[in-house]
Amino acid sequence: MSKKKSVSKKKGKGQASRLSLQHLKAGGVVGIFGNEAKVHDADIRRFTEKLLALLRQSFPHLELRMRTSISKREIHEKLNSLDARFGVKLFVSTAGIAPDGGIIEVLDKQGRWRVILIGESKHQGNDVQNIAAGCRTKVMEKKCQYIMPAGNAIERVHKNIQEMKNFMLGENHFPYVVFLQGSNFATEALTVQWPDGPLIPIRPSDSNINRIDRVTASNYGMEINRIYCKNVLIERPSGSMMLQVTTIYAQCDLFDSNCMLDVLWTMALTSLEVLADDLPAGGDSAVKVGK
């Protein structure tokens, strides 16, 4: 049975508190999406589309949209609006970024679209499955190798992250989350049995297989598998500055859908909390959350 609660007319901290309370009352994604979410899936676009529908249901007074891409020209225009020295050189007019989870935005009181979520999911490394199945290339067999050396495709995610940092340079939050899945992103040591053969170790410290360190430059080497949405304030002798920190989740197995949805939901709500003073008030409309 759905529970109703009134949306406060208060702004600022009152509205932010309401958004936090709404997240708690939802009971997590199990209460939101039910048993449908209890599967393994790496298709983050499916999750962000579900999330957008939930946000529209939960906040009917807000105008929300999803974009699949942002042009580099628009990013340069945003940079140039902050400082005339920025965003002045563009070589390819069609350049841009397209995070595979899309970009969710909300319309503020000034008619500006503000980003509240960017999601990506990358899979790299099938060593666990291949070892268990006894599969390897002839070259690996000749070299007595059981683990495929990792590639460098994951480094491409840095372009999307950096461009979104440029696009959101004037914001106080950075809701970018990347889910890294596969043996190249193992965070714990494990062993896999080769059929009728030896136990093959997969170690996070193995430089031939692990690729997490090639992504953590985007979160300043902070802990992974935790949410960073609000910018981090640091103090320097010359004054304070804010850093945009990417949220990185990594593990060898595919992420459970409930886990991914819960992270995305929390990131979106935190963004709305940060932007609360700039968003239209909800009036007395009721919001239904959960079941």
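The values are calculated or read from the model by the stated rules, or taken from the named source; none is laboratory data. Treat the numbers as computed from the prediction; the structure is a model and nothing was measured. Cβ placement follows ideal geometry from the backbone for every residue including glycine, while neighbour counts extend to all protein chains displayed.
If you go through segment 257-286 and pick out every residue that is surrounded by fewer than 15 Cβ atoms within 10 Å (Cβ to Cβ), over 18 Å from residue 63 (Cβ atoms) and of a type outside the set (A, V, I, L, M, F, W, C), you end up with 1. Any residue that is of a type in the set (A, V, I, L, M, F, W, C), touching a residue at least 40 places away in the same chain (Cβ under 8 Å) and over 17 Å from residue 99 (Cβ atoms) - is there at least one of those in segment 235-247? So far as segment 235-247 goes, yes, one or more of its residues are of a type in the set (A, V, I, L, M, F, W, C), touching a residue at least 40 places away in the same chain (Cβ under 8 Å) and over 17 Å from residue 99 (Cβ atoms). Across segment 128-173, the qualifying residues are those that are of a type in the set (A, V, I, L, M, F, W, C), over 17 Å from residue 75 (Cβ atoms) and outside any helix (DSSP H, G or I), and the one among them that is farthest from the chain's Cα centre (by Cα) is 144.
Among the conditions (1) part of a strand (DSSP E or B); (2) out of contact with any strand residue (DSSP E or B) (no Cβ under 6 Å at 6 or more places or on another chain); (3) of a type in the set (S, T, N, Q), the only one that residue 93 does not satisfy is (1). Would you pick out the residues in segment 211-236 that are of a type outside the set (A, V, I, L, M), surrounded by 10 or more Cβ atoms within 10 Å (Cβ to Cβ) and touching a strand residue (DSSP E or B) at 6+ places or on another chain (Cβ under 9 Å)? Residues satisfying the conditions are 211, 216, 218, 219, 220, 225, 226, 228, 229, 230, 231.
For first residues located in segment 192-218 and farther than 14 Å from residue 250 by Cβ and without any contact (Cβ under 8 Å) to a residue 24 or more places away in the chain, partners that are of a type outside the set (Phe, Trp, Tyr) and part of a loop (DSSP other than H, G, I, E, B) and lie 6+ apart or on another chain with Cβ distances below 7 Å form the pairs 201/189; 203/189. The residues listed here are 182, 151, 170; of these, the one that is over 22 Å from residue 252 (Cβ atoms) and touching a Lys or Arg at 6+ places or on another chain (Cβ under 9 Å) is 170. Quick check on segment 118-127. Is at least one of its residues under 30 Å from residue 199 (Cα atoms), surrounded by 14 or more Cβ atoms within 10 Å (Cβ to Cβ) and touching a Cys at 6+ places or on another chain (Cβ under 7 Å)? No, there is no match, as no residue in segment 118-127 is under 30 Å from residue 199 (Cα atoms), surrounded by 14 or more Cβ atoms within 10 Å (Cβ to Cβ) and touching a Cys at 6+ places or on another chain (Cβ under 7 Å).
So that you can scan it fast, the table gives a plain yes or no per residue for (1) in contact with a strand residue (DSSP E or B) (Cβ under 9 Å, 6 or more places away or on another chain); (2) surrounded by fewer than 17 Cβ atoms within 10 Å (Cβ to Cβ); (3) of a type outside the set (Phe, Trp, Tyr):
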{"site": "150", "(1), (2), (3)": "no, no, yes"}
{"site": "161", "(1), (2), (3)": "yes, no, yes"}
{"site": "170", "(1), (2), (3)": "no, yes, yes"}
{"site": "175", "(1), (2), (3)": "yes, no, yes"}
{"site": "179", "(1), (2), (3)": "yes, no, no"}
{"site": "195", "(1), (2), (3)": "no, yes, yes"}
{"site": "200", "(1), (2), (3)": "yes, no, yes"}
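Which condition from (1) under 29 Å from residue 281 (Cα atoms); (2) among the aliphatic types (A, V, I, L, M); (3) modelled with pLDDT under 95 is the one that residue 44 breaks? Residue 44 satisfies every listed condition except (1).
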